[in-house]
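Everything on this sheet refers to the single structure shown next.
The values are calculated or read from the model by the stated rules, or taken from the named source; none is laboratory data. All values derive from a computational prediction rather than experimental measurement. Don't worry about glycine lacking a Cβ; one is built from the backbone with ideal geometry, like all the others, and counts go over all protein chains shown.
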Amino acid sequence: MARNMHLYSIPSNEKLSEGAVEELFSKIESETAKVYRQCLDIYNFPNRAQKETIALFAACFAIRTPAYRAFMEKTSLAPIERLAEILSTVPGAMEKSLEDIGVDPKEADSMRDFLSDKNKYELIVKPEWITVLGLSSLTMIAQILMDMKWKLLLAPFGERFITADSPADWEDPTMTEGLYGNKGLLLKNAEFVLPLSPKLALLAGWNYVEGVYLTTREKTWEISNRVISHAKKEIYAQRPVELIPLPKWRATPLYVRINNETHGK
(Lines give C-alpha, C1' and ligand atoms only; values in the text may rest on other atoms or scores of the structure.)
Protein backbone atom coordinates (compact mmCIF):
# COMPACT_ATOMS: atom_id res chain seq x y z
CA MET A 1 0.00 0.00 0.00
CA ALA A 2 1.41 3.42 -1.00
CA ARG A 3 1.62 6.09 1.68
CA ASN A 4 3.00 9.59 1.96
CA MET A 5 3.14 10.56 5.61
CA HIS A 6 1.85 13.96 6.77
CA LEU A 7 0.93 15.05 3.24
CA TYR A 8 -1.91 17.17 4.61
CA SER A 9 -0.65 17.80 8.13
CA ILE A 10 -0.96 21.36 9.38
CA PRO A 11 0.63 23.24 12.31
CA SER A 12 -1.54 22.56 15.37
CA ASN A 13 -3.13 25.46 17.24
CA GLU A 14 -5.87 26.08 19.77
CA LYS A 15 -8.57 25.37 17.16
CA LEU A 16 -7.14 22.59 14.97
CA SER A 17 -4.94 19.56 15.53
CA GLU A 18 -2.08 18.61 13.22
CA GLY A 19 -4.16 15.80 11.73
CA ALA A 20 -7.41 17.76 11.35
CA VAL A 21 -7.41 17.60 7.54
CA GLU A 22 -6.66 13.88 7.43
CA GLU A 23 -9.43 13.37 9.99
CA LEU A 24 -11.79 15.17 7.59
CA PHE A 25 -10.73 12.88 4.74
CA SER A 26 -11.20 9.85 6.98
CA LYS A 27 -14.74 10.98 7.86
CA ILE A 28 -15.60 11.42 4.18
CA GLU A 29 -14.27 7.91 3.47
CA SER A 30 -16.36 6.44 6.31
CA GLU A 31 -19.54 8.14 5.09
CA THR A 32 -18.83 6.95 1.55
CA ALA A 33 -18.38 3.38 2.79
CA LYS A 34 -21.92 3.57 4.23
CA VAL A 35 -23.29 4.85 0.94
CA TYR A 36 -21.45 2.11 -0.92
CA ARG A 37 -23.13 -0.54 1.22
CA GLN A 38 -26.53 1.16 0.94
CA CYS A 39 -26.67 1.52 -2.85
CA LEU A 40 -23.51 1.04 -4.87
CA ASP A 41 -22.77 -2.47 -3.61
CA ILE A 42 -26.19 -3.57 -4.87
CA TYR A 43 -25.86 -1.47 -8.04
CA ASN A 44 -28.54 1.09 -7.21
CA PHE A 45 -28.12 4.69 -8.38
CA PRO A 46 -27.57 7.09 -5.43
CA ASN A 47 -30.12 9.68 -4.33
CA ARG A 48 -29.06 13.32 -4.06
CA ALA A 49 -27.76 13.07 -0.48
CA GLN A 50 -25.79 9.94 -1.34
CA LYS A 51 -24.51 11.59 -4.49
CA GLU A 52 -23.17 14.53 -2.43
CA THR A 53 -21.17 12.11 -0.28
CA ILE A 54 -19.74 10.32 -3.32
CA ALA A 55 -18.92 13.67 -4.98
CA LEU A 56 -16.86 14.71 -1.95
CA PHE A 57 -15.14 11.32 -1.94
CA ALA A 58 -14.35 11.60 -5.66
CA ALA A 59 -13.06 15.15 -5.18
CA CYS A 60 -10.76 13.88 -2.41
CA PHE A 61 -9.17 11.46 -4.85
CA ALA A 62 -8.79 14.28 -7.35
CA ILE A 63 -6.78 16.46 -4.95
CA ARG A 64 -5.39 14.08 -2.34
CA THR A 65 -2.29 13.03 -4.23
CA PRO A 66 1.35 14.17 -4.28
CA ALA A 67 0.93 14.96 -7.99
CA TYR A 68 -1.92 17.39 -7.34
CA ARG A 69 -0.01 19.07 -4.50
CA ALA A 70 2.95 19.50 -6.84
CA PHE A 71 0.59 21.05 -9.39
CA MET A 72 -0.86 23.42 -6.76
CA GLU A 73 2.64 24.41 -5.64
CA LYS A 74 3.74 25.08 -9.21
CA THR A 75 0.58 27.11 -9.85
CA SER A 76 1.17 29.14 -6.68
CA LEU A 77 4.82 29.83 -7.52
CA ALA A 78 4.16 30.94 -11.10
CA PRO A 79 2.88 34.46 -10.27
CA ILE A 80 5.63 34.94 -7.69
CA GLU A 81 8.28 34.00 -10.24
CA ARG A 82 6.68 36.39 -12.73
CA LEU A 83 6.73 39.19 -10.14
CA ALA A 84 10.41 38.56 -9.43
CA GLU A 85 11.11 38.78 -13.17
CA ILE A 86 9.19 42.07 -13.47
CA LEU A 87 10.96 43.62 -10.46
CA SER A 88 14.38 42.68 -11.81
CA THR A 89 13.82 43.74 -15.45
CA VAL A 90 11.19 46.49 -15.74
CA PRO A 91 12.69 49.99 -15.23
CA GLY A 92 11.39 51.65 -12.06
CA ALA A 93 9.42 48.61 -10.88
CA MET A 94 11.80 47.77 -8.05
CA GLU A 95 12.01 51.38 -6.85
CA LYS A 96 8.21 51.71 -6.78
CA SER A 97 7.82 48.41 -4.95
CA LEU A 98 10.38 49.37 -2.29
CA GLU A 99 8.70 52.73 -1.78
CA ASP A 100 5.33 51.01 -1.29
CA ILE A 101 6.68 48.89 1.55
CA GLY A 102 8.67 51.71 3.15
CA VAL A 103 12.18 50.63 2.09
CA ASP A 104 14.81 53.07 0.78
CA PRO A 105 14.75 52.94 -3.07
CA LYS A 106 18.56 53.14 -2.98
CA GLU A 107 18.42 49.39 -2.29
CA ALA A 108 16.88 48.82 -5.75
CA ASP A 109 20.10 47.99 -7.59
CA SER A 110 21.23 45.37 -5.07
CA MET A 111 17.73 43.84 -4.97
CA ARG A 112 17.63 43.68 -8.76
CA ASP A 113 20.99 41.92 -8.85
CA PHE A 114 19.77 39.48 -6.22
CA LEU A 115 16.49 38.61 -7.99
CA SER A 116 18.11 38.34 -11.41
CA ASP A 117 20.32 35.45 -10.21
CA LYS A 118 18.02 32.52 -9.41
CA ASN A 119 20.93 30.58 -7.92
CA LYS A 120 20.94 32.98 -4.96
CA TYR A 121 17.46 32.14 -3.69
CA GLU A 122 14.69 29.54 -3.67
CA LEU A 123 10.97 30.31 -3.69
CA ILE A 124 8.97 28.10 -1.32
CA VAL A 125 5.24 27.97 -0.66
CA LYS A 126 4.34 26.95 2.89
CA PRO A 127 2.80 23.43 2.96
CA GLU A 128 -0.18 24.65 4.98
CA TRP A 129 -0.98 27.19 2.24
CA ILE A 130 -1.02 24.37 -0.32
CA THR A 131 -3.38 22.51 2.02
CA VAL A 132 -5.73 25.51 2.14
CA LEU A 133 -5.72 25.71 -1.66
CA GLY A 134 -6.37 21.98 -1.87
CA LEU A 135 -9.37 22.19 0.45
CA SER A 136 -10.75 25.09 -1.60
CA SER A 137 -10.40 22.93 -4.70
CA LEU A 138 -12.09 20.04 -2.90
CA THR A 139 -15.40 21.84 -2.44
CA MET A 140 -15.24 23.38 -5.92
CA ILE A 141 -14.62 20.02 -7.64
CA ALA A 142 -17.34 18.33 -5.57
CA GLN A 143 -19.88 20.97 -6.62
CA ILE A 144 -18.97 20.63 -10.29
CA LEU A 145 -19.33 16.86 -10.03
CA MET A 146 -22.76 17.33 -8.45
CA ASP A 147 -23.80 19.42 -11.46
CA MET A 148 -22.59 16.80 -13.94
CA LYS A 149 -24.52 13.73 -15.09
CA TRP A 150 -23.33 10.39 -13.74
CA LYS A 151 -22.96 6.92 -15.15
CA LEU A 152 -22.01 4.10 -12.80
CA LEU A 153 -20.25 1.53 -14.97
CA LEU A 154 -20.15 -2.18 -14.14
CA ALA A 155 -17.23 -4.15 -15.54
CA PRO A 156 -18.37 -7.18 -17.55
CA PHE A 157 -17.82 -10.73 -16.34
CA GLY A 158 -14.13 -11.57 -16.14
CA GLU A 159 -12.95 -7.92 -16.29
CA ARG A 160 -11.76 -5.61 -13.51
CA PHE A 161 -11.00 -1.90 -13.26
CA ILE A 162 -7.44 -0.98 -12.32
CA THR A 163 -6.67 1.85 -9.92
CA ALA A 164 -3.46 3.70 -9.00
CA ASP A 165 -1.80 6.29 -6.78
CA SER A 166 -3.47 9.01 -8.89
CA PRO A 167 -6.81 7.30 -9.64
CA ALA A 168 -9.03 10.20 -10.78
CA ASP A 169 -8.76 11.40 -14.37
CA TRP A 170 -10.60 14.32 -15.90
CA GLU A 171 -10.18 15.63 -19.42
CA ASP A 172 -12.00 16.40 -22.65
CA PRO A 173 -10.78 13.55 -24.89
CA THR A 174 -12.27 15.27 -27.95
CA MET A 175 -9.75 18.13 -27.65
CA THR A 176 -6.29 17.82 -29.10
CA GLU A 177 -5.21 21.40 -28.50
CA GLY A 178 -6.25 24.29 -26.33
CA LEU A 179 -4.91 27.31 -24.51
CA TYR A 180 -4.88 25.36 -21.25
CA GLY A 181 -4.84 21.86 -22.74
CA ASN A 182 -7.77 19.45 -22.39
CA LYS A 183 -7.74 19.23 -18.58
CA GLY A 184 -10.87 20.88 -17.22
CA LEU A 185 -14.16 19.71 -15.74
CA LEU A 186 -16.06 22.63 -17.31
CA LEU A 187 -15.03 21.79 -20.87
CA LYS A 188 -17.99 20.84 -23.06
CA ASN A 189 -17.12 17.16 -23.44
CA ALA A 190 -15.22 16.70 -20.17
CA GLU A 191 -15.25 13.24 -18.61
CA PHE A 192 -14.36 12.53 -14.98
CA VAL A 193 -13.36 8.92 -14.35
CA LEU A 194 -12.75 7.24 -10.99
CA PRO A 195 -12.75 3.47 -10.34
CA LEU A 196 -14.71 2.96 -7.10
CA SER A 197 -13.95 -0.75 -6.89
CA PRO A 198 -12.64 -3.49 -9.18
CA LYS A 199 -16.19 -3.94 -10.50
CA LEU A 200 -17.56 -0.39 -10.44
CA ALA A 201 -16.38 2.95 -11.86
CA LEU A 202 -17.81 6.46 -11.71
CA LEU A 203 -18.02 8.37 -14.98
CA ALA A 204 -19.31 11.97 -14.84
CA GLY A 205 -19.95 14.25 -17.82
CA TRP A 206 -22.30 16.89 -19.14
CA ASN A 207 -24.26 15.00 -21.82
CA TYR A 208 -25.16 11.70 -20.21
CA VAL A 209 -28.33 9.83 -19.37
CA GLU A 210 -27.79 8.96 -15.71
CA GLY A 211 -27.99 5.41 -14.43
CA VAL A 212 -26.15 2.17 -13.75
CA TYR A 213 -24.84 0.48 -16.90
CA LEU A 214 -23.01 -2.70 -17.75
CA THR A 215 -20.06 -1.49 -19.78
CA THR A 216 -18.00 -3.33 -22.37
CA ARG A 217 -14.62 -5.00 -22.15
CA GLU A 218 -13.15 -2.28 -24.40
CA LYS A 219 -14.45 0.58 -22.23
CA THR A 220 -13.20 -1.19 -19.11
CA TRP A 221 -9.75 -1.26 -20.70
CA GLU A 222 -10.07 2.38 -21.78
CA ILE A 223 -10.83 3.49 -18.22
CA SER A 224 -7.98 1.39 -16.83
CA ASN A 225 -5.64 2.84 -19.46
CA ARG A 226 -6.55 6.35 -18.35
CA VAL A 227 -5.68 5.44 -14.78
CA ILE A 228 -2.41 3.78 -15.84
CA SER A 229 -1.39 6.74 -18.00
CA HIS A 230 -1.72 9.15 -15.04
CA ALA A 231 -0.16 6.91 -12.38
CA LYS A 232 3.02 8.25 -10.81
CA LYS A 233 4.56 5.19 -9.13
CA GLU A 234 1.94 2.63 -8.13
CA ILE A 235 -0.77 0.68 -10.01
CA TYR A 236 -3.19 -1.58 -8.14
CA ALA A 237 -5.19 -4.52 -9.47
CA GLN A 238 -7.31 -7.17 -7.80
CA ARG A 239 -5.35 -9.87 -9.61
CA PRO A 240 -2.15 -10.00 -11.71
CA VAL A 241 -2.51 -8.28 -15.07
CA GLU A 242 -0.23 -7.93 -18.06
CA LEU A 243 0.32 -4.23 -18.61
CA ILE A 244 0.96 -3.04 -22.13
CA PRO A 245 3.23 0.04 -22.58
CA LEU A 246 1.25 3.04 -23.81
CA PRO A 247 3.84 5.39 -25.40
CA LYS A 248 1.48 6.72 -28.09
CA TRP A 249 -1.85 6.00 -26.38
CA ARG A 250 -4.28 8.86 -25.80
CA ALA A 251 -7.76 8.88 -24.29
CA THR A 252 -10.75 8.41 -26.58
CA PRO A 253 -14.33 9.49 -25.79
CA LEU A 254 -16.32 7.09 -23.63
CA TYR A 255 -19.86 8.46 -23.71
CA VAL A 256 -19.91 11.94 -25.29
CA ARG A 257 -21.68 13.49 -28.28
CA ILE A 258 -19.51 14.68 -31.18
CA ASN A 259 -21.09 16.14 -34.34
CA ASN A 260 -24.50 14.76 -33.28
CA GLU A 261 -23.10 11.22 -33.03
CA THR A 262 -23.14 9.36 -29.72
CA HIS A 263 -19.96 7.54 -28.70
CA GLY A 264 -21.06 4.85 -26.29
CA LYS A 265 -24.52 4.53 -24.76
Identity of the residue in the range 91-128, small (Gly, Ala, Ser) and surrounded by 12 or more Cβ atoms within 10 Å (Cβ to Cβ), that ends up nearest to LEU77 (Cα to Cα): SER116
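For (1) closer than 30 Å to ILE228 by Cα; (2) among the β-branched types (Val, Ile, Thr); (3) not in a loop (DSSP other than H, G, I, E, B), each residue gets a yes or a no:
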residue	(1), (2), (3)
ASP113	no, no, yes
GLU122	no, no, no
VAL132	yes, yes, yes
MET140	yes, no, yes
ARG160	yes, no, no
Here the residues within the range 207-222 that are touching a Pro at 6+ places or on another chain (Cβ under 7 Å) and among the aliphatic types (A, V, I, L, M) are LEU214
Which ones in the range 188-207 are free of Cβ contacts under 8 Å to residues at least 60 places away in the same chain and not in a strand (DSSP E or B)? LYS188, ALA190, PRO198, LYS199, TRP206, ASN207
Could you figure out which of (1) at pLDDT 90 or above; (2) of a type outside the set (Gly, Ala, Ser); (3) under 18 Å from the mean Cα position of the chain (by Cα) isn't true of ASN225? (1)
Residues within the range 213-222 that are more than 23 Å from the chain's Cα centre (by Cα) and either surrounded by fewer than 17 Cβ atoms within 10 Å (Cβ to Cβ) or among the polar types (S, T, N, Q) (or both), tallied: 5
Pairs with Cβ under 6 Å, 6+ apart, first in the range 46-75 and in contact (Cβ under 8 Å) with a residue 12 or more places away in the chain and surrounded by fewer than 20 Cβ atoms within 10 Å (Cβ to Cβ), second part of a loop (DSSP other than H, G, I, E, B) and among the polar types (S, T, N, Q): PRO66/ASN4; ALA67/SER166
Criterion first (within 28 Å of the chain's Cα centre (by Cα), surrounded by 13 or more Cβ atoms within 10 Å (Cβ to Cβ) and of a type in the set (Ser, Thr, Tyr)) does THR131 satisfy it? yes
Considering residues of the range 228-239 that are in a helix (DSSP H, G or I) and surrounded by 15 or more Cβ atoms within 10 Å (Cβ to Cβ) only, the residue modelled with the highest pLDDT: ILE228
